[in-house]
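The values are calculated or read from the model by the stated rules, or taken from the named source; none is laboratory data. Just so it is clear, the model here is predicted, and its values are computed rather than measured. Methodologically, a virtual Cβ is constructed for each residue, glycine included, from the backbone with ideal geometry; neighbour enumeration extends over all protein chains shown. Ligands, DNA and RNA are stripped out before the accessible areas are found, and what is left, the full protein with its side chains, is counted by its heavy atoms. Shrake-Rupley method; radii C 1.70, N 1.55, O 1.52, S 1.80 Å.
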Amino acid sequence: MADGASIMLYNSLTRQAEPLRPLVPGEVGIYTCGPTVYSYAHLGNMRPYVFSDTLRRVLEWKGLRVRQVVNITDVGHTVGESDLGEDKVEAAARRELKSVREVTAHYTEAYLRDIARLNVRTPSDLPRASDYVPQMLDFARQLDADGFTYQLDSGLYFDTARSSGYGTLAQISMEGQREGARLETVPGKRNKADFAVWRTEAPGRRRVMRWDSPWGPGVPGWHLECSVMSIDLLGEHFDIHTGGVDHREIHHVNEIAQSEAYLGAGRPWVPLWLHNEFVLLRNRKVAKSEGGAPLLQDLVDDGLHPLAYRYFLLTATYRSQLELTDAAVRAASSALRRLLGRAQALRPLPAIPTLTAALEAMATDAGRAALHRLDEALSDDLNTPRALADLTTAVRGEELPEEDLTVLLAAADTVLGLSLGTLDPSELDGRTEVSTVDEELRALLVRREDARNRRDWPESDRIRDEIAAAGWRVVDTADGPVLEPLRS
Ligand code: AMP
Ligand code: ZN
């Protein structure tokens, strides 16, 4: 591998960490399942994109040339993920009294704005499913010609019994998958796990989006788009496929089944499958169907910077569940602000695109050792919490000369994407850490804490008013009191 640095990644297919071995030396193709643009993407939805962006950044930092495709699902994804359900986008258009095109344009734009605010590097390609219907039809026609499908009134179905390794990714027995995968019953389906490659419009129920096909007018099945667009843009075989952990059980299993049937290659379609765990809210997956799932904009409206959320996501490994709480995001915001405060004093940070460039720029062995620690953490299945902890230690300590600390921060910025070189710490959030407020206010806060500990409420209230007079409000958090500027 370029830069002589290897990376271990946890492969959902084999359930173990494996070294990345690019199919074409020096290049990596990544396909990331993208958003269905029928509503705003919530904070949980942001995790797969920040995770795959971090993956991409780390690989580029190692000198690899990365092509990353993120699809935009604007047709084919059904309500309840059922083969007979209404298209999510059409349902949204009906609900919002808008055209399908208006709905998809609006939510695509919102998605792109959100990932940009999170410093997600723009994917190399952002294909829209609706632009690929002719290729999907060709793909389905070939599956049909090769005998992998059968036709019912409701569409063309993939016969999972014809797929030898069906369900390997989900690690379930074929019988279990066939029995358990689907709640709905489509009349005539041979196996429960069989899925629609093409969904034919029911007589008298004309869809808004529809294309002619040999199996009647209708729309492609949802799984089909990812197989077709990834193969079209990245080649028949490519290195890494990513997505949220919910895709591991059905969507990706079906992508693999139909792609391997189509290619007939006798080797895995994609060797490495990575899945991010969920963001949880009060112990449950953040989900659109739960209603009121928080958005990135909600955090911004709350006075937080989007990159505080990126930092928050990086405080856990992508394979662990992450509980979303106000206190945790605010703690991430404070930690990022401290990092920015130190970086600000060392600006401008140099451009350090790769590990090689970083090593060359380091003046001392201690600097090079710090870089290796950063690289080791990230090469260990993207251990971002360890990278952040090491960075925090380096920034606090005296070990590195300033010029090396500058290089380290620039290098960390390349891989973590936290705008360490440009973001003004004061932009981070409305609430300001006690330690950064001037001494007098700090003394007042200490006295208020003391009064509260003594249960001297009148004195505590009096001090609170004094703080308010200086333009600040005290907010008690799990991490202790913080000050928030009073707005008029
Ligand atoms: P969707 O737009 O619903 O198709 O979902 C987009 C991506 O977000 C998929 O990769 C999902 O697996 C992922 N996802 C959905 N909910 C969460 C969550 N709470 N935490 C992390 N990822 C999620
Ligand atoms: Zn997909």
Largest first and in whole Å, give the semi-axes of region 291-485's equivalent ellipsoid, each being the square root of 5 times a Cα gyration tensor eigenvalue.
35, 20, 14
Taking placed amide H atoms and a strict 5 Å upper bound, the residues 5 or more places from ARG319 or on another chain that come that close are GLU277
Can you give the Rg to Rh ratio of region 1-96, both from alpha-carbon atoms, with Rh computed by the Kirkwood formula?
1.10
List, in order, the whole-Hz ³J(HN,Hα) value for each residue of region 393-399 obtained from phi through the Karplus relation with A = 6.51, B = -1.76, C = 1.60 and θ = phi - 60°; use x for Gly and Pro.
5, 5, 5, 6, x, 10, 5
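Is it possible to state the helix-based mean residue ellipticity at 222 nm for the chain, with each DSSP H run of 4+ residues giving -39500 (n - 2.57), the sum divided by total residues, to the nearest 500 deg cm²/dmol? What is it? Before the final figure, lay out each step's value.
On the way: 16 runs with 206 residues, N = 488.
Calculated mean residue ellipticity at 222 nm is -13500 deg cm²/dmol.
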Note, ³J(HN,Hα) from phi for region 223-235, Karplus 6.51, -1.76, 1.60, rounded to Hz, x at Gly and Pro
4, 4, 4, 5, 4, 6, 6, 5, 5, 4, 8, 10, x
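With the full set of protein chains in place, find how many percent of the accessible area of the chain is carbon and sulfur; take the probe as 1.4 Å. Working shown, then result.
Details: 10210 of 20920 Å².
Reported share for carbon and sulfur atoms: 49 percent.
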Once amide hydrogens are built 1.01 Å from N within the peptide plane, the residues lying 5 or more places from THR149 or on another chain with amide H under 5 Å from its amide H are ASP159
Semi-axes of the equivalent ellipsoid of region 55-138: what are they in whole Å, largest first, if each equals the square root of 5 times a C-alpha gyration tensor eigenvalue?
29, 17, 11
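Quote the charge dipole size of region 291-485 about the Cα centre in Debye, to the nearest 20; the model charges only the Cβ of Lys and Arg (+1) and of Asp and Glu (-1).
Working: 21 positive and 35 negative charges, 54 e Å.
Dipole size: approximately 260 debye.
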Spelling it out for TRP198: with amide H atoms placed in the peptide plane at 1.01 Å from N, the residues 5 or more places away or on another chain with amide H under 5 Å from its amide H are LEU156, GLY221
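Show LEU405, LEU84 ordered by accessible area, largest first, where the area counts protein heavy atoms only and the probe is 1.4 Å. Working shown, then result.
Values: LEU405 5, LEU84 90 Å².
Ranking LEU405, LEU84 by accessible area, largest first, yields LEU84, LEU405.
Roughly how many Å² is the accessible area per residue of the chain, as a whole number, for a 1.4 Å probe? Intermediate results must be reported in sequence, preceding the final value.
Working: 20920 Å² over 488 residues.
Ligands and nucleic acids excluded, the figure is 43 Å² per residue.
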Tell me the Kirkwood radius of the chain: reciprocal of the mean inverse pair distance over distinct alpha-carbon atoms, in Å.
24.7 Å
Karplus-derived 3J(HN,Hα), 6.51/-1.76/1.60, for each residue of region 150-155, Hz, glycine and proline x:
9, 9, 10, 4, 7, x
